[in-house]
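Worksheet for the structure shown next.
Readers should treat all values here as calculations from the given coordinates under stated rules, not as data from a laboratory. Since we're looking at a predicted model, the values are computed, not measured. Cβ: placed from backbone, ideal geometry, glycine included. Neighbour counts: every protein chain shown.
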Amino acid sequence: MIPDKFLKPYDPTSTEDRIYALWEKSGFFNPDKLPERNKKGEPFSIVLPPPNVTGVLHMGSALMLAIEDIMVRYARMKGKQTLWIPGTDHAAIATQAVVEKDIQRKEDKSRHDLGREEMLRRIGTHVQTTHDIIVSQMRKMGASIDWSREAFTLDDKRNLAVRTAFKKMYDDGLIYRGYRVVNWDPKGQTTISDDEIVYETRKTKLYTFRYSKDIPISISTTRPETKLGDTAIAVNPDDPRYKKYIGEEFDAVFAGEPIHLKVIADASVELEFGTGALGVTPAHSIADWEMAQRHSLPLKQVINEYAKMTVGLDGIKDKKTTEAREAVVDWLKKEGLLEKEEDIEHNISLAERTGGIVEPLPKLQWFVAVNREFKREGVTFTLKQLMTRVVETDQVQFIPDRFRDVYHHWIGSLRDWCISRQIWYGHRIPVWYKNQEIYVGVEAPKGNDWIQDEDTLDTWFSSGLWTFSTLGWPDEKEFNINRKYHPTTILETGSDIIFFWVARMILMSTYLLDEVPFKTVYLHGLVRDGKGRKISKSLGNNIDPLEMIIKYGADAVRMALIVAVGPGNDSKVDEQKIKAYKLFSNKIWNIARFILSATENVKYSAEFSEWSDTDKKHIEVLNDLIKEITSEMDEYKFYLVGEKLYHYVWHEFADKIIEESKSIIDGTDEKVKNSRIQFLFYALRAILRLLHPFMPFVTEEIWREVGKSKSLLMVEEWPRY
RNA sequence: GCGCCCUUAGCUCAGUUGGUAGAGCAACCCAUUUACACUGGGAAGGUCAGGAGUUCGAAUCUCUUAGGGCGCACCA
């Protein structure tokens, strides 16, 4: 008798949690507990890109989990010693910003009202809640991940890894403290790295004016308020208009502020832009600061951390830069110095996490030097060279490979990485100060008077260590046990974090371990709505993966996300597509029902060989498919495999083979009938195994009836051909 | 300014050493208590963005034009 449940449509909700519990109980998520076949197999390892503990999972995370679980389940069925390490990311700025905002809204308090300790306690509570939700969502997706090794980017072990890495880089001269113009986010009250800036094109005005009637050179700027901090006028050395002024010095009182300007020649000045002369503001522009370094110009700060002016006339001093700008323009008009006002479009820099307008400010911060040379075994390297070399020599390969060019292009223009943040949530910088002394160490120095640096590290500093900090590094004993899993086999992640994360992992791993963090990088794109639009709150086009799982099952959601979406491409997902794969789950269910009832009193025989001619052909077609699919799986072409399986199962196997089986089974030719029944067994067993990485729940549930044994489909052998 | 990518059936996309165009969805016609809370059968639909070149042969290689997306840089 076939079970009653097959008489009803496939019901994912009553199945999935039960199946997941079975898998977990089996222990097979942990490579140490896999069957002998796998223990002897080659290692396959992958880390989960740790989701931020800022909120719940979105479709992008669901896509990531689907692809990675396909890779992992396939590897496991191929007999590999398969490890998938889970974790979550503390996402320093992002998380603190979310909690701060929440407290501001509910209690009208700032973090300074609460104090460092209380604020961290509040964040901790928030993080625990979101962490638990995220983890339960990963289970719902069917992720066959080793929960016994779960890590957090801010837990004790990872903190030790961070301190160890920092110390080593400091000793090698690759981490330094420097007074430089950095990207300051006035809204988040912290510095941010170049990569944490997003650009937005806005219309603005370009003003052309003179500092005073006595200065013969006019300049153009979009930010007149910063001109109170100018210390030079720069012109192109070949500009005939200004050659005669080079080296001259002028004094003026600009909007109430005395300024002293030296005319300098710098090749970076374009002759065509504006008047061909520019006011140099070393304290409030990274480009000007670099120019000031070249010409030994003084630096004069006129804007503070709150983006307010610190000098100038009434109506300028203590005002926000935006207000001060208008006041300076009014002053220029009144003095008759303004010559031109034009509308132009230009990019403004926004802090990615807070949306604040980035204000370049001179600050004492910690940096990773990417161009500084260091010695390793007698050979001189820079971090940039290490990062470039491993990709050039194909020690790390990109899928799709065009990202290799993108990666190199980014490295080409890479500047020193500012890693200190003035926020509280994160890894505290392992540096202590006492009077004029400085101590950098893995552990705090002995003695009482040492005060630890107040700042925390960029969240990507700890993320960069992820492939090996999760395997126990720097604890030698633990890392040695896990040594076979590093370099990891593959990294699967979103193409949007190739610089943030992929590049930083390559940096940290090549520097600290002298080996790559992964051999292959598989990049997926953005998940968009059915119309190809970005998912956004304002459009209200968000599709909640959990809601879809409840409605259509995780198998359907997984298939909808991966079919027909090649690596690196954005995917379009709408409810209709998910629904179509729910119907497919049901189709598989009914195929099983038909075969189970047709073969009810017959035993499956693996050695059966008396195939009818038609069945021989069917076997051939199926084997060709298996062969094709297997090589495509090895090439990570899941988007093709999913589609091919769908097509074969539905339109070849169900529509043709099962249809013709009806008359064969009702017929009188026992030999043909027998052959067909054995073939149905054979094909169903193959189909379930082939589909399992893609649709693990429904296939496992059917396998329990078909396999007629207690063995789990998840550790069955991938079909041979 | 530098770099990457895209333009194939109404829609979403495959098409990997160059060999007379494919799938899913949608739309159309017909059938159907069927293993199928639906499904089956059928037919229709494309000068592969435009142009030039290489070739016996180009959706596929080269150049070019147009449109679109993205990244980096600049942002006086």
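Details
- Once the chain from A:Ser14 to A:Leu120 is taken as fully extended at 0.36 nm per residue, the excess over their C-alpha distance is 34.1 nm.
- Antiparallel bridge percentage (DSSP; both residues within chain A; nearest 5): 70 percent
- The label point for A:Glu610 and the one for A:Asp171, both projected 7 Å from the Cα toward the Cβ, are 7.6 nm apart.
- Taking A:Ser296, A:Ser349, A:Ser711 and counting other C-beta atoms within 10 Å, the order from fewest to most: A:Ser296, A:Ser711, A:Ser349
- R0 of 41 Å, Cβ-Cβ distance A:Ser413-A:Ser212: FRET efficiency to nearest 0.05: 0.65
- Shape call, segment A:415-501: gyration tensor on alpha carbons, a/c limit 1.5: oblate
- Length added when fully stretched, A:Thr310-A:Arg105, from 0.36 nm per residue minus Cα-Cα: 70.8 nm
- Computed from the Cβ-Cβ distance with R0 of 56 Å, the FRET efficiency linking A:Asp113 to A:Gln385 stands at 0.75.
- The convex hull drawn around the Cα atoms of segment A:298-404, when projected onto a plane and averaged over every direction, covers 13.0 nm².
- A straight line joining the Cα centroids of segment A:288-326 and segment A:544-608 runs 61 Å.
- Selected from A:Ile344, A:Phe29, A:Ile19, residue furthest toward positive end of dipole (chain A; charges at beta carbon): A:Ile19
- The separation of segment A:129-177 from segment A:28-107, counted between C-alpha centres, amounts to 11 Å.
- Folded to 0 to 90 degrees: helix A:12-26 orientation relative to chain A principal axis, Cα: 90 degrees
- Global form of segment A:72-180, assessed from the alpha-carbon gyration tensor, a/c cut-off 1.5: oblate
- Backbone amide hydrogens, once placed in the peptide plane, bring A:Val182 within less than 5 Å of A:Leu361, A:Lys363, excluding anything fewer than 5 places away on its chain.
- If R0 equals 51 Å, the separation of the Cβ atoms of A:Arg376 and A:Lys531 corresponds to a calculated FRET efficiency of about 0.50.
- The spread of Cα positions in chain A, taken along each principal axis and listed from longest to shortest, comes to 112, 60, 55 Å.
- Residues of segment A:196-210 with amide N under 20 Å of a point placed 7 Å along Cα→Cβ from A:Asp330: A:205-210
- Per-residue Cβ neighbour rank within 10 angstrom, fewest leading, A:Lys262, A:Lys33: A:Lys33, A:Lys262
- For chain A, adding -39500 (n - 2.57) for each run of n ≥ 4 DSSP H residues and dividing by the number of residues yields -12500 deg cm²/dmol at 222 nm.
- Each Cα pair under 8 Å and six or more residues apart adds its separation to the average, and for chain A the resulting relative contact order is 17 percent.
- Dipole of segment A:252-391, positive end: most advanced residue of A:Thr281, A:Ala267, A:His295 [Cβ charges, Cα centre]: A:His295
- Placing unit charges on the Cβ atoms only, positive for Lys and Arg and negative for Asp and Glu, gives chain A a dipole magnitude near 1040 debye about its Cα centre.
- Angle in degrees between helix A:92-107 and the longest Cα principal axis of chain A, rounded to the nearest 10: 80 degrees
- Backbone N under 13 Å from the A:Asn590 label point (7 Å along Cα→Cβ), restricted to segment A:5-46: A:7-10
- Taking A:His58, A:His112 and counting other C-beta atoms within 10 Å, the order from fewest to most: A:His112, A:His58
- Length gained on full extension, A:Leu364 to A:Glu345: 3.6 nm, using 0.36 nm per residue less the C-alpha separation.
- Shape call, segment A:1-66: gyration tensor on alpha carbons, a/c limit 1.5: oblate
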